[in-house]
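Note sheet for the following structure.
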Amino acid sequence: MRYSVFSLLAQTLKGHKGWQPTWRDAAPKPEYDVLVIGGGGHGLATAYYLASRHGIRNIAVIEKGHIGSGNVGRNTTIIRSNYLLPGNTPFYELSMKLWEGLEQDLNYNAMVSQRGVLNLYHSDAQRDAYARRGNAMRLAGVDADLLEREQVRAMVPFLDYDNARFPIQGGLLQKRGGTARHDAVAWGYAHAGDRNGVDIVQNCEVTGLTLDNGRVTGVETTRGPIRAKKVALAVAGNSSRVASMAGLRLPIETHVLQAFVSEGVKPLIDTVVTYGAGHFYVSQSDKGGLVFGGDIDGYNSYAQRGNLPVIEDVMESAMALWPGVGRIRMLRHWGGVMDMSMDGSPIIDHTPVQGLYLNAGWCYGGFKATPASGFCFAHLIAKDEPHPVAAAYRLDRFASGRVIDEKGAGAQPNLH
Amino acid sequence: MRITCPHCGARDAQEFSYLGDANPKRPDGLDATEAAMHDYVYQRDNPAGRHRELWYHGAGCHAWLVVTRDTRSHAIEAVEVASTVRSGAAA
């Protein structure tokens, strides 16, 4: 089915009773050319770009639960490309450009909203760091504006500008940044992947990888064995577990990151604000809830739920930045389990096992990377060479000393 | 989450700082090859389940502890003083 204004009108006249499922609930075939493990945003995007850009038709995405039940449904929906380092800037900018054309490309409304991302600074040192970041971005062709305090106040007047400890001095704004509807990103890639022949197999958990002479030949699943010429891992949070089935150890720890949403309120904030002094960020969803997040819980965790100390910490930051939110009730919170890589940057690479490819280590920032991650991973799988903008995301960079130290904090909780 | 410190009793986890996996052992002398150091610094087993990890009781007795915890449920099986587990564990 193709969505258009005409299909919408026709359905309106029929009382919206004729909408069809947007992807097939496929049963696994015995063999695929490429098998993508993980039906999250990155896995679905990978399969879609493999089919649409590289013409590979015999592809499946297998997912242990239902698609979108992992991190693509457990984040704060922010998209941006305000990165500093050469290994990162072109990659995230490619992602931003793919976001800008995503809905036309997928024929699916992902509610991409370029409402701007504003990083506040609170000290001279932070201002200088943001000026440097903004300059690096502009040199790489990314938009960035360094704002003075009064310019920030005009955008978001309700913040606490005269906070005794962390007065707001200004901010770095990326106007093209913003948010997207996270579930619709998964659904959109599933919709478009299905139309390109991708089998989306749900409730199919991988229990083992079958190897032959150092080469992967397929997977064992709860729905039987599936042979595959190439197997791609996109199982953020569980990368270590699945890779260990092929005898691999990774420079990754699994941690839980919580996010929160308030009750729905009238439009209050029309951009994304990050609080550089604490670790806190806030935006408002199109349903009206304030969406915010903070630090990881700080210890290895596979529990897809958070703990109270982080809630308290995030609420303290919220109140320090924006005292007015104290009158709003928190509706719910959720936790996603993420791969924290040792330098805080992702891995898109071959593994030492032939035919086995790895997309992992997204730490805090997997959602914004979804399109470029899938695009570059598909390029790697189809051509067996890294896409130029993802060439720095090597698995062996820790051994070779080429770490991408964007934030200086990987999994080590004492560095946060 | 509460951790039962052998010196101080059951305390809120917020009194403690987490360092990470307690199993990697720093290679020494001739064992300290590049590959062994890379393994020690970066590679992790990262199990879903039983995990031995280092916690520091900063708001209490200042002891380093080895806590055996299930990473899926946060249930704590054992808490030992790191210096009695092996010398140099907290280094």
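Find all pairs meeting these conditions: Cβ atoms under 6 angstrom apart; at least six residues apart or on different chains; first residue within segment A:133-148 and without any contact (Cβ under 8 Å) to a residue 40 or more places away in the chain; second residue assigned to a helix (DSSP H, G or I). So the pair list comes out as A:Leu146/A:Ala131; A:Leu146/A:Gly134. Listed by first and then second residue, the pairs linking a residue in segment A:2-20 that is in a loop (DSSP other than H, G, I, E, B) to a residue that is at pLDDT below 95 and not polar (S, T, N, Q), with Cβ atoms under 6 Å apart and 6 or more places separating them unless they lie on different chains, are A:Gln20/A:Met1.
Restricting to segment B:1-14, and then to whatever is under 14 Å from the mean Cα position of the chain (by Cα) and within 11 Å of chain A (Cβ to nearest Cβ), can you tell me which residue is nearest to A:Ile252 (Cα to Cα)? Result: B:Ala13. Of everything in segment B:15-38 that is at the interface with chain A (Cβ under 8 Å from one of its Cβ atoms) and without any contact (Cβ under 8 Å) to a residue 24 or more places away in the chain, the residue that is surrounded by the most Cβ atoms within 10 Å (Cβ to Cβ) is B:His38. The residues listed here are A:Val185, A:Val235; of these, the one that is crowded, with 18+ Cβ neighbours inside 10 Å, outside any loop (DSSP other than H, G, I, E, B) and either touching a strand residue (DSSP E or B) at 6+ places or on another chain (Cβ under 9 Å) or away from every other protein chain (no Cβ under 14 Å) (or both) is A:Val185.
Of the residues A:Ser95, A:Ser52, which is touching a Pro at 6+ places or on another chain (Cβ under 8 Å), outside any loop (DSSP other than H, G, I, E, B) and either polar (S, T, N, Q) or surrounded by fewer than 22 Cβ atoms within 10 Å (Cβ to Cβ) (or both)?
Working: A:Ser52 fails: touching a Pro at 6+ places or on another chain (Cβ under 8 Å).
One residue alone meets the criteria, A:Ser95.
Being buried (at least 24 other Cβ atoms within 10 Å of the Cβ) and within 30 Å of A:Ala26 (Cβ to Cβ) narrows it down to one residue among A:Gly101, A:Gly65, A:Gly70; which is it?
Working: A:Gly101 fails: buried (at least 24 other Cβ atoms within 10 Å of the Cβ); A:Gly65 fails: buried (at least 24 other Cβ atoms within 10 Å of the Cβ).
On inspection, the qualifying residue turns out to be A:Gly70.
Of the numbered criteria (1) within 28 Å of A:Gly365 (Cβ to Cβ); (2) assigned to a strand (DSSP E or B), the one A:Ser240 fails is (2).
The values are calculated or read from the model by the stated rules, or taken from the named source; none is laboratory data. Keep in mind it's a predicted model, so treat the numbers as computed, not measured. Heads up, the Cβs are rebuilt from the backbone with ideal geometry, glycines too, and the neighbour counts pull from every protein chain shown.
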